[in-house]
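Step one of this worksheet: look at the structure below.
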Amino acid sequence: MNSIDNALAHYYDVLKRAMNGYQQSAEFVPAEQFLPAFDLPELDTTMEKFLQPSVIGVAELGAYGDCSLHLLNLMGNPGTRTTKTFGSMINVARAVHHIRTTGERVVIITPSSGNKATALRSAVERAVTVGLVRDTELQIATAVPEASRHKLWSSAMSEDPRLRELNPMAVLPCEVPVHVKLMIAEFMSQHSEEFHTRYGVRLWHTLELRNYMVADMVRALAEHDLMPDSGRGRVHAHAVSSALGLLGLEFGHRELAKLGVDLPALQLMLVQHLGTPDMVLGLYHDSFDPDLVPAYRRRELDGLYVQDEDPHFPAVTFDPAEHLDATFYSRTPVTSPRINTIIRENGGAGIVVSLYECLQRYNEVRDLIAVAGGVTLPADPRRLREWSLVMAVTGVLNGIDRGLVGDRDVLIHASGSYGDDDYTALSPAHSVPVQGVDDFYQAVRRAVEAGR
């Protein structure tokens, strides 16, 4: 595998210029709530040490059908094993810049289905550990649904009593992650000004797209440096919820074009699951209406559900209403029209996979990415806790078999994969149960007061 160690430090000047340029452009719209400047501290040895886990690599996986498969490995940080590392580190660096510039404390507030919370907490912990900030200058309060508890990683942020007090992990008893989003939005609307007036603390709700867009342009920079153009066309395949990473990739393509760098036309392949197929529906129907999902019939022979009307949807599934992974929960994403435009102008596809299909191809996928890509999956799929990569590869193989993509270089974005052996699950005793906005407010207030 060809790789770039400490990619965020390697591309730091490019990222910093792109961030500054974005804030000065007509595209920038000021936020109603607190938003730190799109700027970064100077790159010194401490900042380089902070950014060290940001590794990117590209590996050749060989041929499948008439396509050549490649893996863009975005999971090089062993403390997260997801692409959330990049956006989280850049966001924390922006917070550090604000703290140093103004002297104000910052508390990052984020809802999450699991991975974003892990990555942001890891980045905050690392910033404190390497000495970018003190533990009372930068804090984080995260909220996740009970359905995602199995995805929460234990770390010094939970195991150290002082850090646990300063950085609460709230768990809401709900199955649908969007409920956590709504709770945080309400909390911010009601209380952000209060915390600034009462404690001199800035609460930063990091969820919106532009907080991650610039960091994700690093994918385009690495693509340019690590993957020569073969001239046959290139499609980027990604397991997506709202495709924020792909919009960051597109931003990177645009920024490189300004510098006179040409990359192959940006073709995208969206991979989703049956629980949230909205972007695939939007691509082919300009509608998120769930009635547009093909009707499944139960096969008497084995009890499985099947359909043969639409090649963009699973041919076989255990359950037409299944939710394969809590990571993917966005409904009616506002990013869909922009993604549709990119695909319709440049080419690409969308496909939905089922758990049955992922299990059917599991050993094939496991061997493919282990031999060439150096990525290991547990032998027992029941021990897999993050299905993004398996979904993406399964979707690509199915899409090639069904003629949805052909005669292309396919760059599969390895955005997340971890199993039971890759992390220690967060102890329930180290999380804060909340029932709603009032409980979350109390958790944040206690953390802020503990940092005074």
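The values are calculated or read from the model by the stated rules, or taken from the named source; none is laboratory data. On a predicted model such as this, the values are computed, not experimentally measured, just so you know. With ideal geometry, Cβ positions are generated from the backbone for all residues, glycine too; neighbour counts draw on all protein chains shown.
Could you figure out which of (1) part of a loop (DSSP other than H, G, I, E, B); (2) in contact with a strand residue (DSSP E or B) (Cβ under 9 Å, 6 or more places away or on another chain); (3) not small (Gly, Ala, Ser) isn't true of Lys116?
(1)
Which of the residues that make up segment 246-272 are at pLDDT 95 or above and of a type in the set (Asp, Glu)?
Glu250, the sole residue that qualifies.
How many residues are surrounded by 23 or more Cβ atoms within 10 Å (Cβ to Cβ) and closer than 14 Å to Gly62 by Cβ when one looks only at segment 409-419?
Final tally of qualifying residues: 3.
Please indicate, with yes or no, whether at least one residue in segment 226-248 is part of a loop (DSSP other than H, G, I, E, B), surrounded by fewer than 18 Cβ atoms within 10 Å (Cβ to Cβ) and in contact with a helix residue (DSSP H, G or I) (Cβ under 9 Å, 6 or more places away or on another chain).
No, the conditions are met nowhere in segment 226-248.
Please tell me if Arg298 is surrounded by fewer than 22 Cβ atoms within 10 Å (Cβ to Cβ), among the charged types (D, E, K, R) and modelled with pLDDT of 95 or more.
Numbers: surrounded by fewer than 22 Cβ atoms within 10 Å (Cβ to Cβ): yes; among the charged types (D, E, K, R): yes; modelled with pLDDT of 95 or more: yes.
Taking the combined requirement at face value, the residue satisfies it.
Among what's in segment 371-388 and is hydrophobic (A, V, I, L, M, F, W, C) and either touching a Leu at 6+ places or on another chain (Cβ under 7 Å) or not in a helix (DSSP H, G or I) (or both), pick the residue that is surrounded by the fewest Cβ atoms within 10 Å (Cβ to Cβ). Can you show your working first?
Of segment 371-388, the ones hydrophobic (A, V, I, L, M, F, W, C) are 371-372, 375, 377, 379, 384, 387.
From what's left, either touching a Leu at 6+ places or on another chain (Cβ under 7 Å) or not in a helix (DSSP H, G or I) (or both): 372, 375, 377, 379, 384, 387.
Working: Ala372: 16, Val375: 22, Leu377: 20, Ala379: 10, Leu384: 20, Trp387: 22.
Only one residue fits best here, namely Ala379.
Condition test on Val261, is it surrounded by 21 or more Cβ atoms within 10 Å (Cβ to Cβ) and in the same structural domain as Asp325 (by TED's automatic domain parsing)?
It is false that Val261 is surrounded by 21 or more Cβ atoms within 10 Å (Cβ to Cβ) and in the same structural domain as Asp325 (by TED's automatic domain parsing).
Taking the conditions exactly as written (in contact (Cβ under 8 Å) with a residue 24 or more places away in the chain and over 18 Å from the mean Cα position of the chain (by Cα)), does Ala26 satisfy them or not? Don't jump to the end; show me each part of the working.
Numbers: in contact (Cβ under 8 Å) with a residue 24 or more places away in the chain: no; over 18 Å from the mean Cα position of the chain (by Cα): yes.
It is false that Ala26 is in contact (Cβ under 8 Å) with a residue 24 or more places away in the chain and over 18 Å from the mean Cα position of the chain (by Cα).
Please go through segment 203-215 and pick out each residue that is crowded, with 22+ Cβ neighbours inside 10 Å and modelled with pLDDT of 95 or more.
Those that are crowded, with 22+ Cβ neighbours inside 10 Å and modelled with pLDDT of 95 or more: Leu203, Trp204.
Which residue out of Leu411, Leu368, Leu389, Leu397 is in contact with a Phe, Trp or Tyr (Cβ under 8 Å, 6 or more places away or on another chain), in contact (Cβ under 8 Å) with a residue 24 or more places away in the chain and of a type outside the set (Val, Ile, Thr)?
Working: Leu411 fails: in contact with a Phe, Trp or Tyr (Cβ under 8 Å, 6 or more places away or on another chain); Leu368 fails: in contact with a Phe, Trp or Tyr (Cβ under 8 Å, 6 or more places away or on another chain); Leu389 fails: in contact with a Phe, Trp or Tyr (Cβ under 8 Å, 6 or more places away or on another chain).
After ruling out the rest, the residue left standing is Leu397.
Inside segment 413-444, can you point out the residues that are aromatic (Phe, Trp, Tyr) and in contact with a helix residue (DSSP H, G or I) (Cβ under 7 Å, 6 or more places away or on another chain)?
Of the residues in segment 413-444, the ones aromatic (Phe, Trp, Tyr) are 418, 423, 440-441.
Matches in segment 413-444: Phe440, Tyr441.
I'm told Pro78 meets every condition in (1) surrounded by 20 or more Cβ atoms within 10 Å (Cβ to Cβ); (2) on the phi < 0 side of the Ramachandran plot except one. Can you identify the failing condition by its number?
The one condition Pro78 does not meet is (1).
A quick yes/no check of all residues on (1) at pLDDT below 95; (2) assigned to a helix (DSSP H, G or I):
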{"site": "Ala26", "(1), (2)": "yes, no"}
{"site": "Ala31", "(1), (2)": "yes, no"}
{"site": "Phe34", "(1), (2)": "no, no"}
{"site": "Asp39", "(1), (2)": "no, no"}
{"site": "Ser88", "(1), (2)": "no, yes"}
{"site": "Arg94", "(1), (2)": "no, yes"}
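Quick check: anything in segment 325-341 assigned by TED's automatic domain parsing to the domain that holds Leu244, more than 27 Å from Ser112 (Cβ to Cβ) and either surrounded by 15 or more Cβ atoms within 10 Å (Cβ to Cβ) or free of Cβ contacts under 8 Å to residues at least 24 places away in the same chain (or both)?
The answer is yes, given that some residue of segment 325-341 is assigned by TED's automatic domain parsing to the domain that holds Leu244, more than 27 Å from Ser112 (Cβ to Cβ) and either surrounded by 15 or more Cβ atoms within 10 Å (Cβ to Cβ) or free of Cβ contacts under 8 Å to residues at least 24 places away in the same chain (or both).
Out of segment 165-198, which residues are more than 30 Å from His323 (Cβ to Cβ) and either out of contact with any Lys or Arg (no Cβ under 7 Å at 6 or more places or on another chain) or modelled with pLDDT under 95 (or both)?
First, the residues of segment 165-198 that are more than 30 Å from His323 (Cβ to Cβ): 165-166, 190-198.
Glu165, Leu166, Gln190, His191, Ser192, Glu193, Glu194, Phe195, Thr197, Arg198, listed by residue number.
Which residues, counting only those in segment 276-287, are surrounded by 17 or more Cβ atoms within 10 Å (Cβ to Cβ), out of contact with any strand residue (DSSP E or B) (no Cβ under 7 Å at 6 or more places or on another chain) and in contact (Cβ under 8 Å) with a residue 40 or more places away in the chain? Talk me through it step by step, then tell me what you get.
Within segment 276-287, the first condition is being surrounded by 17 or more Cβ atoms within 10 Å (Cβ to Cβ), and the residues that meet it are 276-283.
Those still in the list that are out of contact with any strand residue (DSSP E or B) (no Cβ under 7 Å at 6 or more places or on another chain) too: 276, 278, 281-282.
Thr276, Asp278, Gly282 - these are the residues of segment 276-287 that are surrounded by 17 or more Cβ atoms within 10 Å (Cβ to Cβ), out of contact with any strand residue (DSSP E or B) (no Cβ under 7 Å at 6 or more places or on another chain) and in contact (Cβ under 8 Å) with a residue 40 or more places away in the chain.
Give me the residue from segment 216-230 that is modelled with pLDDT of 95 or more and among the small types (Gly, Ala, Ser) and, out of that set, nearest to Leu256 (Cα to Cα).
By that ranking, first place goes to Ala220.
Of all the residues that make up segment 126-161, how many are in a helix (DSSP H, G or I) and without any contact (Cβ under 8 Å) to a residue 40 or more places away in the chain? Quick ask: steps written out before the conclusion?
Let us first name the residues in segment 126-161 that are in a helix (DSSP H, G or I), namely 126-130, 146-151, 156-159, 161.
So of that shortlist, the ones also without any contact (Cβ under 8 Å) to a residue 40 or more places away in the chain come out as 128-129, 146, 156-157, 161.
So the count comes out to 6.
When Ala243 is evaluated against the numbered criteria (1) within 22 Å of the chain's Cα centre (by Cα); (2) modelled with pLDDT of 95 or more, which criterion, by number, is the only one it fails?
Condition (2) is where Ala243 drops out.
State whether the residues of segment 291-298 include one that is in contact (Cβ under 8 Å) with a residue 24 or more places away in the chain and more than 23 Å from Ala119 (Cβ to Cβ).
Yes, there is a match, as at least one residue in segment 291-298 is in contact (Cβ under 8 Å) with a residue 24 or more places away in the chain and more than 23 Å from Ala119 (Cβ to Cβ).
If I filter segment 96-113 down to residues being touching a residue at least 40 places away in the same chain (Cβ under 8 Å) and either part of a loop (DSSP other than H, G, I, E, B) or closer than 19 Å to Val171 by Cβ (or both), which single residue comes out as farthest from the chain's Cα centre (by Cα)?
Here the residue is Glu104.
Those residues that are closer than 17 Å to Ser154 by Cα and part of a strand (DSSP E or B), I need them from segment 389-434; list them, please. Write out each step before concluding.
At the first step, the residues of segment 389-434 found to be closer than 17 Å to Ser154 by Cα are 417-433.
Hits for segment 389-434 are Tyr418, Gly419, Ala425, Val432, Pro433.
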